[in-house]
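A.B. asks: I'd like to ask you about the structure that follows.
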Amino acid sequence: IYMSDNGYELGEHRLYGKGLAYQEQIRSPMFVRYPRLVPLPRYDSSIVLNIDVAPTLAELAGATPTLTVDGQSLVRVLDGTAPSWRTDFLTESWLQPLGAELAGIRERDWVYSELKSGEQELYDLVNDPYELNNVAYDPAHAARIAAMSARIKQIRPTWPGDVP
């Protein structure tokens, strides 16, 4: 398994540093080579997270974690037998460079963030991959925002009240 740390803004979005939910910071490459499960090279667009590495290695080693783990083993993704897989994940930040805590949801084609201040950002990653056009205040996306906001509260029920 080869992967890197999350990204760092170097002027994108006129920002410098870490702690935001933009793609430059939350996406990182991951390469897996395990010929026993994946004999031929392939690209898989499944949403995997760094928390999936430990459960994967544990399963491949035949170990059973004695504590609850947050991630999921990638073995079924690697061998192509996963009946379903993660469709989104929570992004969150405290003490951002802008001083505004946030929680968000990243799906394959959309990313939505709520700041503690009440501001919202919604980006269509298919048509706006560089996240330049915030469509959160376009009434056409009200249902999507409601669903993604509800998903944040499903994963993090005390948001935003848990932020000082």
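The values are calculated or read from the model by the stated rules, or taken from the named source; none is laboratory data. Note that the structure is predicted; figures quoted are calculated from it, not measured. For neighbour counting, all protein chains shown are included, and Cβ atoms are generated from backbone atoms with ideal geometry for every residue, glycine included. Calculation scope for accessible area: heavy atoms of the full protein, side chains included, ligands and nucleic acids excluded. Shrake-Rupley method; radii C 1.70, N 1.55, O 1.52, S 1.80 Å.
A.B. asks: R0 = 30 Å: FRET efficiency of Phe31 with Ala147, Cβ-based, nearest 0.05?
C.D. replies: With a Förster radius of 30 Å, E is 0.40.
A.B. asks: Say we join alpha carbon atoms closer than 10 Å with springs in a Gaussian network model of the chain; which of Ser45, Ser73, Ser93 then has the biggest fluctuation?
C.D. replies: Its mean-square fluctuation being the largest, the pick is Ser45.
A.B. asks: Cβ under 15 Å from Pro157's Cβ, Pro157 left aside: what net charge do those residues give with Lys, Arg +1 and Asp, Glu -1?
C.D. replies: Taking every Cβ under 15 Å from that of Pro157, the sum is 0.
A.B. asks: Given a 1.4 Å probe and heavy atoms of the protein chains only, how would you sort Thr68, Thr56, largest accessible area at the top?
C.D. replies: Ranked list, largest accessible area first: Thr68, Thr56.
A.B. asks: For Leu60 and Val163 in one chain, what is 0.36 nm times their gap in residues minus the Cα-Cα distance, to one decimal in nm?
C.D. replies: Value of the extension gain: 33.2 nm.
A.B. asks: Give, as a single signed number, the net charge of other residues whose beta carbon lies under 15 Å from the beta carbon of Lys116, with Lys and Arg counted +1 and Asp and Glu -1.
C.D. replies: -4
A.B. asks: Another question, then. Quick check on the chain: helices-only [θ] at 222 nm, where DSSP H runs of length 4 and up contribute -39,500 (n - 2.57) each and the sum goes over total residues. Nearest 500, please.
C.D. replies: After summing the helix terms and dividing by the residues of the chain, the value is -5000 deg cm²/dmol.
A.B. asks: Compute the distance in nm between two label points, each set 7 Å from the Cα along the Cα-to-Cβ direction, one at Tyr2 and one at Trp94.
C.D. replies: Here the answer is 3.5 nm between the modelled labels.
A.B. asks: Still on this model: For the chain, what size does the Cα cloud have along each of its three principal axes, sorted from largest down, in whole Å?
C.D. replies: 48, 34, 32
A.B. asks: Turning to a different aspect of this structure: Once ligands and nucleic acids are excluded and a 1.4 Å probe is used, how much of Arg144 is accessible, expressed in Å² to the nearest 10?
C.D. replies: 90
A.B. asks: At a threshold of 8 angstrom on Cα-Cα distance, excluding pairs fewer than six apart, so keeping six or more, what relative contact order does segment 25-92 reach in percent?
C.D. replies: Reported as a whole number, the value is 35 percent.
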